[in-house]
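The values are calculated or read from the model by the stated rules, or taken from the named source; none is laboratory data. Note that the structure is predicted; figures quoted are calculated from it, not measured. Positions of Cβ are backbone-derived with ideal geometry, glycine not excepted, and every protein chain shown enters the neighbour counts.
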Amino acid sequence: MTSTTLNIIGLITNIVGTIILAFSLNKYIRSIRMAIDAHELFIKSICHPTKPVIQVTGTNSHMNRDKKIAAILSWLGVGLVLLGFIFQLASYIK
């Protein structure tokens, strides 16, 4: 392979790795935001004793599922970024 080919492969794997990182962390942050909204709704319902108390359940299962998926995709993204770095480094050495 030529140095230009290695450099282009490195750039592409870096881009794919960063996109995977962004999507994986976005999903986990969205589940955290959902849990915060549920807690805020519960606190607002407690502050008004005349209204019924609202309880939201199941946020832990969403957060645990998204945390596992985010961990796998994050390591995949980091691996692709490192692989892209190695390809770009190899293009300069060659």
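For region 1-13, the set of residues classified as in a helix (DSSP H, G or I) and surrounded by fewer than 17 Cβ atoms within 10 Å (Cβ to Cβ) consists of Ser3, Thr4, Thr5, Ile8, Leu11, Ile12, listed by residue number. What about Leu73, is it surrounded by 13 or more Cβ atoms within 10 Å (Cβ to Cβ), touching a Ser or Thr at 6+ places or on another chain (Cβ under 6 Å) and without any contact (Cβ under 8 Å) to a residue 60 or more places away in the chain? Judged against the criteria, Leu73 is a match. The residues of region 52-94 that are small (Gly, Ala, Ser) and in a helix (DSSP H, G or I), listed by number, are Ser61, Ala70, Ala71, Ser74, Gly77, Gly79, Gly84, Ala90, Ser91. Taking the criterion of being in a loop (DSSP other than H, G, I, E, B) and loosely packed, with under 10 Cβ neighbours inside 10 Å, the residues of region 41-51 that qualify are His48, Pro49, Thr50. Report yes if some residue within region 14-21 is surrounded by 15 or more Cβ atoms within 10 Å (Cβ to Cβ), closer than 25 Å to Gly79 by Cα, modelled with pLDDT of 80 or more and in contact with a Phe, Trp or Tyr (Cβ under 8 Å, 6 or more places away or on another chain); otherwise report no. Yes - at least one qualifying residue is present in region 14-21.
Is it the case, given these coordinates, that Ala38 is in a helix (DSSP H, G or I), touching a residue at least 40 places away in the same chain (Cβ under 8 Å), touching a helix residue (DSSP H, G or I) at 6+ places or on another chain (Cβ under 7 Å) and at negative phi? Against the criterion (in a helix (DSSP H, G or I), touching a residue at least 40 places away in the same chain (Cβ under 8 Å), touching a helix residue (DSSP H, G or I) at 6+ places or on another chain (Cβ under 7 Å) and at negative phi), Ala38 does not qualify. When the residues of region 26-35 are filtered to those that are over 14 Å from Gly58 (Cα atoms) and in contact with a helix residue (DSSP H, G or I) (Cβ under 6 Å, 6 or more places away or on another chain), the one that is surrounded by the fewest Cβ atoms within 10 Å (Cβ to Cβ) is Lys27.
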